[in-house]
Each structure stands twice: as C-alpha cells, then as structure tokens.
1. Could you pull out the residue among Ile188, Ile220 that is within 16 Å of the ligand (Cβ to nearest atom), buried (at least 19 other Cβ atoms within 10 Å of the Cβ) and within 12 Å of Val136 (Cα to Cα)?
2. Being under 21 Å from Leu225 (Cα atoms) and crowded, with 19+ Cβ neighbours inside 10 Å is the filter here, so list the residues in the stretch 63-114 that pass it.
3. Could you list, in sequence order, all residues of the stretch 34-72 that are in a helix (DSSP H, G or I), within 17 Å of Ala122 (Cβ to Cβ) and not hydroxyl-bearing (Ser, Thr, Tyr)?
4. Considering only residues that are within 15 Å of the ligand (Cβ to nearest atom), part of a loop (DSSP other than H, G, I, E, B) and of a type in the set (S, T, N, Q), which ones fall in the stretch 1-33?
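Here, each number is a calculation from the coordinates, and none is a lab measurement. All values reported here derive from a predicted model rather than from experimental measurement. Cβ: placed from backbone, ideal geometry, glycine included. Neighbour counts: every protein chain shown.
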Amino acid sequence: MLLKDKVAVITGAASVRGLGFATAKLYAEQGAKVVIIDLNADASQAAAASLGAAHLGLAANVSNEQQVNAAIEQVLGKYGRIDILVNNAGITQPIKLMDIKRENYDAVLDVSLRGTLLMSQAVIPTMRAQQSGSIVCISSVSAQRGGGIFGGPHYSAAKAGVLGLAKAMARELGPDNVRVNCITPGLIQTDITAGKLSDEMKTAILAGIPLNRLGDAQDIARAALFLGSDLSSYSTGITLDVNGGMLIH
Ligand code: NAD
C-alpha cells in the first residue's frame, strides 16, 4: 500500500463522479485516512462514509479563510497530522472574454486560486513541523493552451495562476521537505461538463486527442496517487500533463 497511515485532505471531493472523489477512493484503497472537504456537510460526510469508517467529511468553502482554518483544526484534532493536500475544488464557466463580469471573475478565481492559497496556508505549518508533506494542485490544460475547450478566459487565468503559485510554493517549501506539484487534466468526463457538451463538440475535441478518448476520473486519480505518495519523492514544482496527448509540448 502506497499511502499506509497517511492523512490526506482532498477539497471538492464530494461529487461522486468527480476527480476529487476518484482520488479519495484510490487513496483510501492505498491505506490513507481521507478527509473530504466540500461545500455541503451532508454530501461530504456521505462521500467519506462510503469509503469506510476511518474517513472524515467536512464542510468548508475553500475561499473562506475562517471555514478553511476551522476545517483544518478539526482534521488535526482527529488525526494529529496531515501528509497530503489535494487542492481539487474548482468551478468553470463557458463564457467569452467580453462577457466576463466582476462576479464571474471573482467566483472562478476565488475557488481555484484563492482556495489553493488558503488551503495550502492552512496545512503548511503542520507539514513544516512534520518536515514532510505533499501538496497536489489540480490545474488544467486550459492554463497551458489558453483555454479553447470549455472554460472561459478567466478559468484559464485562474488555472494558470495555480501553476505559478504551486511552483513558487515548491521553491519556498522544498527545504522543509514539503513537495508541491500540479496536474493539468485534459477533458475528463465529470459533472463539471455534464450535459454541456454536444456530440459535435465531443467529436471535434476527440479529433485533437491522439489517445482518441476523453479522460476518466481514474486517469487523474492515478496521477494524484503518484504525486501524493513517495513514488514522486524527488519531484517538486512539476506539472504533470494527463490529457491523452491533447497538448504535447
Ligand atoms: P466537479 O464539478 O465534479 O467537482 C468539483 C467539486 O468542487 C464539487 O464537489 C463542488 O461542490 C466542489 N466545490 C466547488 N466550489 C467549492 C468551494 N468553494 N469550496 C469547496 N468545494 C467546492 O468537477 P471535476 O471535473 O471533478 O473538477 C475537479 C477539478 O479538476 C476542478 O478544479 C476542475 O477545474 C479541474 N479540471 C477538470 C477538468 C475536467 O475536464 N473535468 C479538466 C481540467 C481541470
């Protein structure tokens, strides 16, 4: 087991068809105690309970500093340590540049970028004290290729911000043996795009994917297992593309 007795906090993991829950499930199978943090307490608890009794589901909005800190206090109260943080919570909006309003910008950047910062700040003192930890941030191929798949330009900007933030955190935290890495998923079939992709859109997208299929949540969970575990012990500040070849660079 790759994560025996590790404590892993995963944000946005209550959505059962999502990348966060697939990661939570794989982490639990590999021996981790998993904490699911999502907006709705009942959904978080139900998702955690479905993994077994050792796991915990908590409610917090990752862009709310007080809620984030209260959740991490509960995690430390129950488990006493945090080995892995997966910054997975995110939302997207398929809107064009000139239609982006302040509230769109705030909503999308708040969850992906502010949420990644606040959650990381909340766990870093513990990881520093432990002199070990792994932070995995879920960015997007949209950050690298300038969108053009589903989310608007503000989504690309938020996810590109995550890449920069993660790399800077990797430099600062390396001396404390805390690693920080990103995953850039391509188009993965989850609720984030559910019902919003027409068959024509899918066909057009597939034409640009050498592996000739959309991704599934397992593809991302396996990458998150690599980065969360000691399999990636000498990697920090990297960006791991999991996109079926949609972007080769
Ligand atoms: P999803 O919609 O299935 O899950 C996202 C989860 O985040 C939901 O459970 C939601 O409740 C939660 N969430 C939203 N705002 C939150 C907040 N403020 N605080 C706490 N939780 C919050 O989406 P998914 O496809 O599983 O996406 C997971 C991550 O992967 C996101 O960051 C997304 O941007 C990224 N991503 C997805 C794809 C894709 O194709 N699915 C591609 C690239 C990147």
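1. Values: Ile188 fails: within 12 Å of Val136 (Cα to Cα).
So the residue among Ile188, Ile220 that is within 16 Å of the ligand (Cβ to nearest atom), buried (at least 19 other Cβ atoms within 10 Å of the Cβ) and within 12 Å of Val136 (Cα to Cα) is Ile220.
2. Just the residues of the stretch 63-114 that are under 21 Å from Leu225 (Cα atoms), to begin with: 75, 79, 81-90, 112.
Val75, Ile82, Asp83, Ile84, Leu85, Val86, Asn87, Asn88, Ala89, Gly90, Ser112, listed by residue number.
3. Step one: of the stretch 34-72, the residues in a helix (DSSP H, G or I) are 41-49, 65-72.
Subset that is within 17 Å of Ala122 (Cβ to Cβ): 44, 65-72.
Passing the criteria: Glu65, Gln66, Gln67, Val68, Asn69, Ala70, Ala71, Ile72.
4. Ser15
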